[in-house]
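The values are calculated or read from the model by the stated rules, or taken from the named source; none is laboratory data. Predicted model only: the values in this text are computed from it and were never measured. Counting neighbours? That spans all protein chains shown, and the Cβs are built from the backbone with ideal geometry, glycine included.
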Amino acid sequence: MINFGLIDEWEPSPGRVTSWVASLTSVAAAGHAPTHPVGPSYQQEAYLRAAQRHEDAGFRFGRLCLLAFEIRGELDVDAMTRAINVFLRRHDTFLSWFSMDDDVVTRHVIDPSIVDFVPTDSTYISSSQDIREHVEAQTPGPFNWDCFTLGTIEHDGRFVVYLAADHLNSDGISQALSCVDLMSAYQREISTDAPDLMPVGSYIDFCRRERDISRELTLETPQVRKWIELLEENDGELPHFPLDLGLSTADYNRSAFTTVDLMTPEQAERVDAACHTNGAGFAAGVLAIAGLVSHEFTNRTKYFGFTPKNTRSTASEFASVGWFTNLIPVCVDITDGSSFTSIVEATQQSFNEGKTMSEVSLHRVLELVPEDSTISVPAGWSVPMVSYLDVRKLPGGDMFDKVNFSVFGNRGSSEEVFIWVNRFPEGTKMSFLYPRTDEAETSIKLYVDRMLEIFSTIAATGDYVPSVAVLAK
């Protein structure tokens, strides 16, 4: 089962650490890379602007994504060097860097031949904390081309491979793809009969497609009208987590993270069956349950939620590393007479409609909203998010447990609650990223309890009816 958490919770065993970083020559050459006509994705642009606004936060405000996995055998440093450079050169998200001048974000693209990551001198590091600090300190921030580093930690008969990459160049599926691709590239370097690497697409082409579509959008575009309608129905605002998070008046709140066991494989199968019996998939079931929890805590009769949508659309893009996601809306009406079985099909329908909006970024929609509109969304906005991923269906998913695949993020800033429900062969887990405040800790415990009860009730009975008693707490 994949391990999730904050980098603080990564516990690599002491060992000989070798890091691969960009050579001084390649960094210097990248600094002179020409500008490129394709801008960042809307997600990337918003992320970069937030990173610039908080560059004096005193900690790494942006997200550092870390993945780690094990390979059996003795490390071949030369083969790993070749594999790393093959990996970085073939995914063009690693060929871009961005500058900001007069509030304009500009892409610069380097030639793949410039990429030259070289191993540092190997050093034995005797504690997990020192390894974590080494990795975080060595990986530059999002305004550097080389905002990603790789490394190995050697032990007897095996070694750990890690990739630390700024979120600018990665998403959840990219973490899994990177594990498979790095392992495959290394096997090709040490073996004569390893299979060819899968063809990959272009993240820059995806950004071009998104920008081309966005230039054609108007207030009359159906997806734009739908976004505006949803915001107007929510009093012109984005939704918030249904419980108090104790947010400070400061510009940011540090992050906390927790993971709980949600269901056994047998319980997940029964919930899955309840979803399909009522005309919905498992993802819609998860979102319907989030809606029921929100209703129980707020008594609001419309759930307005967000979920990330994978925006990869071609076979080659499904093998590509990059930030291929957009947030889409999911809305469902919930009354005191509602139950899980009465709303899950409507949730599926809303989810399907949301998918048609995945190429219309809310960031772009907000640019189109007139100044005299009743919609009021602050710069740097954040929304609660509920994500579902069936890890069993990911490329290489059957091997993740065998290689001790792990995914971690740094303790950055959180203003809302992000929830991930991940289904594994061994069971389903639920993870939360939220502000590190006393109020949020209490609220998350209450929320987790409701989610656990609702999922277990559906697994046992096939349905769940909202509890009025919860509103009185």
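Brief remarks follow.
- Just one of the listed residues (E317, E210) is within 20 Å of the chain's Cα centre (by Cα), outside the structural domain of D463 (by TED's automatic domain parsing) and not small (G, A, S), namely E210.
- Where a residue in region 332-345 is free of Cβ contacts under 8 Å to residues at least 24 places away in the same chain and its partner, wherever it lies, is part of a strand (DSSP E or B), with Cβ under 8 Å and at least six apart: none
- Filter result (surrounded by fewer than 22 Cβ atoms within 10 Å (Cβ to Cβ) and among the hydrophobic types (A, V, I, L, M, F, W, C)) within region 309-322: A315, F318, A319
- Restricting attention to region 87-103, the residues that are surrounded by fewer than 20 Cβ atoms within 10 Å (Cβ to Cβ) and either closer than 22 Å to G151 by Cβ or under 20 Å from the mean Cα position of the chain (by Cα) (or both) add up to 1.
- Positions within region 76-110 being among the charged types (D, E, K, R) and either touching a residue at least 24 places away in the same chain (Cβ under 8 Å) or touching a helix residue (DSSP H, G or I) at 6+ places or on another chain (Cβ under 9 Å) (or both), in sequence order: D76, D78, R82, R89, R90, D92, D103, R107
- Considered as a group, the residues in region 15-43 that are part of a helix (DSSP H, G or I) and touching a His at 6+ places or on another chain (Cβ under 9 Å) include one that is nearest to R364 (Cα to Cα), and that residue is Y42.
- In the set (1) assigned to a strand (DSSP E or B); (2) within 24 Å of S174 (Cβ to Cβ), the condition left unmet by V332 is number (2).
- Exactly one residue out of L197, L177 is hydrophobic (A, V, I, L, M, F, W, C) and in a helix (DSSP H, G or I): that is L177.
- Matching option when the condition is in contact (Cβ under 8 Å) with a residue 12 or more places away in the chain, part of a loop (DSSP other than H, G, I, E, B) and in contact with a His (Cβ under 7 Å, 6 or more places away or on another chain), among V321, V360: V321
- Scanning region 332-361 for residues that are under 21 Å from F455 (Cβ atoms), of a type outside the set (S, T, Y) and buried (at least 18 other Cβ atoms within 10 Å of the Cβ) yields V332, I334, F340, I343, V344, A346, Q348, F351.
- Listed by first and then second residue, the pairs linking a residue in region 283-303 that is outside the structural domain of K393 (by TED's automatic domain parsing) and under 13 Å from I458 (Cα atoms) to a residue that is of a type in the set (D, E, K, R) and buried (at least 18 other Cβ atoms within 10 Å of the Cβ), with Cβ atoms under 6 Å apart and 6 or more places separating them unless they lie on different chains, form an empty list.
Let's see how each residue does on (1) among the acidic types (D, E); (2) within 30 Å of N253 (Cβ to Cβ); (3) at pLDDT below 95:
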site	(1), (2), (3)
E74	yes, no, no
L95	no, no, no
M100	no, yes, yes
F117	no, no, no
Q129	no, yes, no
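- Cβ-Cβ distances below 6 Å connect no pair with a first residue in region 165-176 that is under 8 Å from F148 (Cβ atoms) and without any contact (Cβ under 8 Å) to a residue 24 or more places away in the chain, a second residue that is small (G, A, S) and surrounded by 22 or more Cβ atoms within 10 Å (Cβ to Cβ), and a separation of six or more residues or different chains.
- Check on A176, assigned by TED's automatic domain parsing to the domain that holds V38, modelled with pLDDT under 95 and under 24 Å from N410 (Cα atoms): yes
- The condition of being within 23 Å of A30 (Cβ to Cβ), surrounded by fewer than 17 Cβ atoms within 10 Å (Cβ to Cβ) and at pLDDT 95 or above holds for only one of D146, D111, that being D111.
- Number of the condition not met by K393 [criteria: (1) touching a residue at least 12 places away in the same chain (Cβ under 8 Å); (2) under 25 Å from L67 (Cβ atoms)]: (1)
- A single entry from T218, T192 fulfils the requirement of being over 30 Å from K402 (Cα atoms), among the polar types (S, T, N, Q) and in a loop (DSSP other than H, G, I, E, B): T218.
- Under the condition of being closer than 25 Å to V421 by Cα and of a type in the set (D, E), the residues counted in region 353-388 number 2.
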